[in-house]
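J.: After the structure tokens below, expect a handful of questions from me.
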Amino acid sequence: MVPPKLSSRARLALDAFLKNEAAGGYVLMVAASLALLVANSPLAPAYFAALHAGVAGISVQHAINDGLMALFFLLVGLEIKREVLDGQLSRPADVLLPGAAALGGVALPALIYLAFNAKHPDSVAGWAIPSATDIAFALGVLALLGPRVPSSLKVFLTAIAIMDDLAAIVIIALFYTEQLNTLAVAGAGVVLLALVALNRLKVLALWPYLLLGAVLWLLVLKSGIHATLAGVALALTIPLREGDHSPLHRLEHALHKPVAFGITPLFGFANAGLSFAGVGLASLLAPVPLGVALGLFLGKPAGVFGVAFGLIKLGLAQPPRNASTAQLFGVAVLCGVGFTMSLFIGGLAFADPALIDATKIGVLAGSLASALLGLLILRLAKP
């Protein structure tokens, strides 16, 4: 895959994105590790009590997952729109390899999970958990290798992760939506039309979009559709205009650091906490954790690398420039690092705390194994 010729603005945006995501990945690793330490220390009762404490009628954990994570999804939506209109996904030829590879990396992990859980009605809803790559974690691991990894592979990994996020958004909208409140849905539709009208009228000030976006979030929260999808809908209406002061670029720049260094680590700290008391080999071999772990560790690299390698061998796509087949496989293994979105989908799929803990076991095991193996492969692969 030859990297597309990006505009200077798009190139700067991509460079800033890679740097922020890699650095944010380290902070996320620390936050997740800290959550595990606290959950297995004398502070554990206070930790879990604080997460379940009520604030304005909802728990602190739900406030983070349904409220603050809407800003995470807003940033994801902005990144997807920028890449499609003015970035590495702006040309069909550049979309084929990462797009098809991402599709393979979504489908095969889901099938592996279902192979272990299809006969278990209480856990079958978690089929999408191992389908998402955590871009911050994966780029953080990739950054540890420095210049040994060509920039084309970083672009390739970023493109796959963005396509993964897009697939996750569609999956959440279609399969993890509760019973709809038609009045709230209608109200959200009206607000969305107003946002589109602002875009068509070429309103470049951000405050009207953000004000209506807050109303949209509240209506979507009441509608039965997951509230974080309001962030994605809002992002798609933010104008992308020529020049360095485009509303989309201004908002994306403003959100990068708070999301990468604040919201995502806070989500990781609030959701990665898992008590290892009573956790043994039998816990890892249960259907949910085994399906999630193997979906990430085996399904992700097999799906991503298998599809990418097939397209390259058939001459339908160009391989990432200056990258060997071993390096391409190493990056495909890193796609099995699925943390933020996997835990998020697990929280939507299950209400039973035992199944949520089982999800955490699988996500942590599969992600850690993928990170270590991917790092080893890329470290040993000849540049």
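J.: Given the options A110, A349, A205, state which has the largest fluctuation in a GNM of the chain using a 10 Å cut-off (strictly under) for Cα springs.
T.: A205
J.: Using θ = phi - 60° and the Karplus curve 6.51 cos²θ - 1.76 cosθ + 1.60, what whole-Hz ³J(HN,Hα) does each residue of the range 317-333 get, with Gly and Pro shown as x?
T.: For the range 317-333, the Karplus curve yields 8, 8, x, x, 5, 6, 10, 7, 4, 5, 5, 4, 5, x, 5, 4, 5 Hz.
J.: For D352 and N181, FRET efficiency with R0 = 22 Å and r from the beta-carbon atoms, rounded to 0.05?
T.: Taking R0 as 22 Å, the efficiency between N181 and D352 is 0.35.
J.: How much of the accessible area of the range 136-240, probe 1.4 Å, is carbon plus sulfur, in whole percent?
T.: Carbon with sulfur: 73 percent of the solvent-accessible area.
J.: Where does the charge balance sit around A132 when Lys and Arg score +1, Asp and Glu -1, over other residues with C-beta under 10 Å from its C-beta?
T.: Once all neighbours under 10 Å are counted, the net charge is -2.
J.: So what's the Cα pair-distance distribution over the chain, bin width 20 Å, in %?
T.: Pair shares across the bins are 29, 59, 12.
J.: At 1.4 Å probe size, with no ligands or nucleic acids counted, give the accessible surface of T182 in Å², nearest ten.
T.: The value for T182 is about 110 Å².
J.: Still on this structure: What FRET efficiency comes out for A53 versus V196 if R0 is 51 angstrom and r is the Cβ-Cβ distance? Round to the nearest 0.05.
T.: Approximately 0.85, to the nearest 0.05.
J.: So if we plug the beta-carbon distance of L373 and K119 into 1/(1 + (r/R0)^6) with R0 = 35 Å, what FRET efficiency do we get, rounded to 0.05?
T.: 0.75
J.: For D122, what accessible surface area do you get with a 1.4 Å probe? Give it in Å², rounded to 10.
T.: 100 Å²
J.: Once the convex hull of the C-alpha atoms of the range 200-243 is built, how many Å³ does it hold per residue, rounded to a whole number?
T.: Considering the Cα atoms of the range 200-243, their hull volume per residue is 72 Å³.
J.: Can I ask one more? Figure the gain on full extension for K313 and A205 (residue separation times 0.36 nm, minus the Cα-Cα span) and round it to one decimal in nm.
T.: 34.1 nm
J.: Once you order the gyration tensor axes a ≥ b ≥ c over the Cα atoms, which shape class does the range 227-383 get: rounded for a/c under 1.5, otherwise prolate or oblate by comparing a/b with b/c?
T.: Here the range 227-383 falls in the oblate category.
J.: Return the tail of the calculated pair distribution for the range 213-306, meaning the percent of Cα-Cα pairs more than 20 Å apart.
T.: 66 percent
J.: A follow-up question, please. Short version: ³J(HN,Hα) in whole Hz for each residue of the range 106-112, in order, from phi by Karplus 6.51 cos²θ - 1.76 cosθ + 1.60 (θ = phi - 60°), x for Gly and Pro, what are they?
T.: 8, 6, 5, x, 5, 5, 5
The values are calculated or read from the model by the stated rules, or taken from the named source; none is laboratory data. This is a predicted model, so every value here is computed, not measured. Here Cβ is always computed from backbone atoms with ideal geometry, including for glycine, and neighbour counts include all displayed protein chains. All accessible areas refer to the heavy atoms of the entire protein, side chains included, with ligands and DNA or RNA removed. Shrake-Rupley method; radii C 1.70, N 1.55, O 1.52, S 1.80 Å.
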